[in-house]
Amino acid sequence: MPIPETAVAHPTPFVEIPRHEWSQLAPKEHLSLTETEIVQLRGLGDRLDMQEVQEVYLPLSRLLTLYAAGARDLHAETSRFLGERAGRTPFVIGVAGSVAVGKSTVARLLRELTKRWPDTPRVELVTTDGFLYPNAELERRGIMDRKGFPESYDRRSLLRFVSQVKSGATEVRAPYYSHLVYDIVPDAEIVVRQPDILIVEGLNVLAPPVHGRLALSDLFDFTIYVDAKTKDIESWYVDRFLALQEEAFSSPDSFFHRFASLSREDAVETATQVWRAINEPNLLENVLPTRSRATLVLKKGANHKVNSVLLRKI
């Protein structure tokens, strides 16, 4: 008797692990991370707490260090096979996802957790915001309203930066981006010096190659996509806008200071318009299609908590 078509599982390169099972993979070792540190690491609107760290991110940090150790061992064996004495290079992790989904918090948290493991004490984090074109250049190109879309980044400079770090360069410098002034800060830099792990966080870091060229994602050893339903992310974006209105927007130096005096109703309407005109189209056109290219997907529920983990099969 043939199996009904509805009962046939769709083939997938991932295994999905429910949260309660994933949490059992947490190592016995205790990594010191205080409540104060967690508060400092989480972004506006995120609900990261000690339980989430212990049940979701501690197992993930251990998995990352296992992958990093495996990559080092493979590198050493390959060098011996080739008769070379090549130096050790950083393990590079890409973290992708929508605006307001919490990927920056994930990246910061993983930096703090992975550097507490004895094999990876030197961990650096770089966001792709530093490789956005300056506002003046975006204005010149007529794409200021496309900020965050792939064409708004200096992709060559970003690719060159990660390539240099990946090759083991002694010191590599990246531009610094200020979210307060919403622009690149002249003469400010982030310096990366031969880390054990480099985390690269950004909207489009998992984008595939274009016209056969090298893609940023080709340089990653492990990739993470932070996922949630689009309607939930929109709600989080609006909530974050309202929180920023009370905090960062109130500063006269803020690029968005003009929104500080909006009524709550007008602020919600403005945030919703920005989301639907810019962030949602970018998510649907450029970010979400890269989800299937990740090594691991963190699936969040409406409460901002991770419900399950999808891990690519080896």
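The values are calculated or read from the model by the stated rules, or taken from the named source; none is laboratory data. Since this is a predicted model, take the numbers as computed values, not measurements. For neighbour counting, all protein chains shown are included, and Cβ atoms are generated from backbone atoms with ideal geometry for every residue, glycine included. Just the protein is used for accessible areas: all its heavy atoms, side chains included, with ligands, DNA and RNA removed. Shrake-Rupley method; radii C 1.70, N 1.55, O 1.52, S 1.80 Å.
Some points to look at:
- When region 108-133 is filtered for residues that are outside any helix (DSSP H, G or I), touching a Lys or Arg at 6+ places or on another chain (Cβ under 9 Å) and under 20 Å from Leu216 (Cα atoms), the ones remaining, listed by number, are Val123, Glu124, Leu125, Leu132, Tyr133.
- Members of region 165-190 found to be part of a loop (DSSP other than H, G, I, E, B) and within 28 Å of Phe256 (Cα to Cα), listed by number: His179, Leu180, Val181, Tyr182
- Matching residues, region 20-63, being over 23 Å from Gly301 (Cα atoms) and open to solvent by less than 30 Å² (accessible area, probe 1.4 Å): Pro27, Leu31, Leu33
- Pair list, Cβ < 7 Å and 6+ apart or interchain, from region 54-68 residues that are farther than 15 Å from Glu112 by Cα to residues that are in a helix (DSSP H, G or I): Glu55/Arg19; Glu55/Ser23
- Condition check for Thr114: open to solvent by less than 10 Å² (accessible area, probe 1.4 Å), more than 18 Å from Arg173 (Cα to Cα) and hydroxyl-bearing (Ser, Thr, Tyr): yes
- Which numbered condition Leu74 fails, given (1) among the aliphatic types (A, V, I, L, M); (2) modelled with pLDDT under 95; (3) touching a Pro at 6+ places or on another chain (Cβ under 9 Å): (3)
- Boolean, Ala136 is part of a loop (DSSP other than H, G, I, E, B), among the aliphatic types (A, V, I, L, M), free of Cβ contacts under 8 Å to residues at least 60 places away in the same chain and more than 30 Å from Leu58 (Cα to Cα): no
- Cross-chain or 6+ apart pairs with Cβ under 8 Å, region 176-189 first and without any contact (Cβ under 8 Å) to a residue 24 or more places away in the chain and under 15 Å from Val126 (Cβ atoms), then in a strand (DSSP E or B) and of a type in the set (D, E, K, R): Glu189/Arg173
- Taking region 17-46 as the range and being within 20 Å of the chain's Cα centre (by Cα), outside any helix (DSSP H, G or I) and closer than 19 Å to Ile224 by Cα as the test, the residues that pass are Arg42, Gly43, Asp46.
- Pair list, Cβ under 6 Å, 6 or more apart: region 220-243 residue assigned to a helix (DSSP H, G or I), other residue open to solvent by less than 10 Å² (accessible area, probe 1.4 Å): Ile233/Ser98; Ile233/Val101; Glu234/Trp275; Tyr237/Trp275; Val238/Ala271; Phe241/Ala271; Leu242/Ala267
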